[in-house]
Amino acid sequence: MARSVIIATGSYLPARVVTNDVLAEKVDTSDAWIRERTGIITRHLAAENETTSDMALAAARRALTAAGLDAQAIDGIVVATSTPDTTMPSVASKLQSALGSRGGPALDVVAACTGFVAALSVAHGWLETGLARNVLVIGAESMSRIIDWNDRTTCILFGDGAGAVILARKEDESRRGILALQLESDGALGTILGTSGGVSTTQTAGFLFMEGQEVFRHGVEKMSSVTRAAVAKAGLALSDVTWVVAHQANARMIIAIARQLKLPPERFIVTLDRHANTSAASIPLALDAAARDGRIAPGDILALPALGAGLTWGCCVICW
Ligand code: UT7
């Protein structure tokens with residue numbers, strides 16, 4: 001039976017680390033408030049000339065090295081991002097050129113913080129239909145470019161970075177691979193999280209705005225319900241889940257989801273203390289960290305829930 005298996009992970013974080021105290025010099029906030037209300041301690045921010053595709057390329061190279069694969073073996077690239085280098089071509093196309101791989105599909109997926117789960121669904125479809133055999137699936141974001149650095153309610157929350165996985169078609173008897181995917185959305189909730197501009201309106205990217213409490217409420221409710229739905233679709237019980245690698249938005253949100261799902265918070269991978277919210281990059285960054293430090297082991301069941309602008313939300317269940 002053909003399965004879509006994550007055979008390697010990689011990630012990249014910009015060198016520049018910014019503490020809460022540095023932000024407190026610019027806006028009316030404090031290290032204590034940020035830690036208590038969000039769990040964030042530091043974030044990485046891209047250098048002035050560093051682009052989303054630069055970060056995606058570094059993460060992709062690390063995943064290729066981990067897989068022991070040459071870039072020529074990649075026959076599909078899907079990048080989840082809301083902060084591309086240019087409106088066109090896509091980050092995926094730039095990445096294909098930089099890697100020197102040829103042929104096969106290359107495109108970006110825009111689903112904000114749900115982007116990586118949506119990108120997995122695209123890649124899974126390519127593998128199932130025989131369109132590709134080894135797909136680079138990447139979440140990469142330059143959130144610092146769409147932040148209003150004078151707005152204390154949003155500027156403290158976000159960071160930059162990229163995470164990559166190689167999703168490969170495998171035909172073996174093992175259970176490993178994608179077991180279930182669930183994607184949902186409600187465009188009527190588009191007003192509570194978004195940017196103030198765009199190509200066809202202001203000809204600028206605009207700045208990120210968010211009704212924090214509302215997004216928090218929907219995030220807890222919808223990431224919990226979509227995890228339940230995806231785990232049930234996989235024919236599993238929540239107690240079978242070894243690790244929840246949720247979108248990293250707020251530590252209090254992760255604890256609230258754990259409570260809703262009646263799972264111990266220790267089963268949630270947390271990287272937002274060091275990475276902050278990197279939107280579509282947050283899940284693959286967390287996956288790479290936990291896979292490399294040995295927490296995630298073969299046979300583990302993973303649930304990857306996310307929620308972002310749209311509103312969009314989804315969850316992928318994987319046997320590692
Ligand atoms: O990735 C997409 C998904 N995004 C999310 O999931 C984010 C979800 N939302 C959140 O994480 C939280 O709502 C925030 C962290 C954004 C805000 O936390 P909160 O506990 O909901 O705070 P709040 O908005 O209710 O604000 C409480 C107070 C307000 O002051 P008053 O009106 O009570 O006097 C804010 O003005 O905290 C104030 N405040 C701040 N104070 C110090 C807001 N931001 C800051 C700040 N520093 N940075």
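Out of all DSSP beta bridges with both ends in the chain, state the antiparallel percent to the nearest 5. Mind dumping the intermediate values first?
Working: 42 of 55 bridges.
Close to 75 percent.
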Worksheet item: How long is the gain from residue 70 to residue 37 if the chain were fully straight, where each residue apart is worth 0.36 nm and the alpha carbon distance is subtracted?
Response: 7.5 nm
Fill in: the stretch 1-77-the stretch 158-202 distance, computed between alpha-carbon centres (Å)
15 Å
Worksheet, complete the sentence: Under 5 Å from the placed amide H of residue 161, counting only residues 5+ away or on other chains, we find 141, 143
Response to the item:
Once phi for every residue in the stretch 171-182 is put through the Karplus expression 6.51 cos²θ - 1.76 cosθ + 1.60 (θ = phi - 60°), the whole-Hz ³J(HN,Hα) values, with Gly and Pro written as x, are 10, 8, 7, 6, 8, 5, x, 6, 9, 7, 9, 9
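Got a sec? What order do 195, 42 fall in by accessible area at 1.4 Å, biggest, i.e. largest, first? All intermediate terms of the calculation are to be shown ahead of the outcome.
Details: 195 60, 42 25 Å².
From most accessible down to least: 195, 42.
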Practice prompt. Grab the alpha carbons of the stretch 177-319, take their convex hull, and tell me the volume per residue in Å³.
Written response: 116 Å³
Worksheet, complete the sentence: Residues whose modelled amide H sits under 5 Å from the amide H of residue 244, counting only those 5 or more places away in sequence or on another chain, are 268, 269, 303
Fill in: Cα-based convex hull, the stretch 40-121, per residue volume (Å³, whole number)
120 Å³
Worksheet item: In terms of Cα to Cα distance under 27 Å, which lysines are near enough to residue 170, apart from those fewer than 8 places away along the same chain?
Response: 233
Discussion item. Explain nothing, just compute: Karplus ³J(HN,Hα) = 6.51 cos²θ - 1.76 cosθ + 1.60, θ = phi - 60°, for every residue of the stretch 148-163 in order, whole Hz, x for Gly and Pro.
Written reply: 7, 6, 9, 9, 5, 6, 10, 5, 7, 8, 10, x, 10, x, 8, x
Item to complete: Any lysines with Cα under 18 Å of the residue 262 Cα? List them, leaving off those in the same chain fewer than 8 positions away.
Response: 222
Fill in: In sequence order, calculated HN-Hα J values of the stretch 71-86 (Karplus, 6.51, -1.76, 1.60; Hz; x Gly/Pro)
4, 5, 6, 7, 10, x, 9, 10, 10, 8, 7, 10, 10, x, 4, 9
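Taking the Cβ-Cβ separation of residue 214 and residue 170 as r and a Förster radius of 41 Å, what is the calculated FRET efficiency to the nearest 0.05?
Working: r = 42 Å, r/R0 = 1.01.
Efficiency at R0 = 41 Å is approximately 0.50.
Taking 0.36 nm per intervening residue step and subtracting the Cα-Cα distance, what contour gain separates residue 295 from residue 262 on full extension?
Values: separation 33, 0.36 × 33 = 11.88 nm, distance 2.08 nm.
Taking residue 295 through residue 262 to full extension adds about 9.8 nm, to one decimal.
So how many Å³ per residue does the convex hull of the Cα atoms of the chain work out to?
About 124 Å³ per residue, rounded to a whole number.
Check every DSSP H run in the chain and write down those whose alpha carbon atoms cover 30 angstrom or more along the long axis and whose mean Kyte-Doolittle hydropathy is -0.5 or greater.
212-233
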Fill in: Under 13 Å from residue 26, Cα to Cα: aspartates and glutamates that are on another chain or at least 8 residues apart
148, 151
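Shape of the stretch 19-159 from its Cα gyration tensor (a ≥ b ≥ c, root eigenvalues): rounded if a/c is under 1.5, otherwise prolate when a/b > b/c, or oblate? Write down the numbers at each step before the final one.
Numbers: a/c = 2.47, a/b = 2.30, b/c = 1.07.
Taking the square roots of the gyration eigenvalues as a ≥ b ≥ c, the stretch 19-159 is prolate.
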Worksheet item: Out of residues 5 or more away from residue 311 or on other chains, whose amide H comes under 5 Å of its own, with H placed 1.01 Å from N in the peptide plane?
Response: 186, 189, 190
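The values are calculated or read from the model by the stated rules, or taken from the named source; none is laboratory data. Note that the structure is predicted; figures quoted are calculated from it, not measured. Reconstructed Cβ throughout: ideal geometry from the backbone, glycine too, with neighbour counts over all protein chains shown. Calculation scope for accessible area: heavy atoms of the full protein, side chains included, ligands and nucleic acids excluded. Shrake-Rupley method; radii C 1.70, N 1.55, O 1.52, S 1.80 Å.
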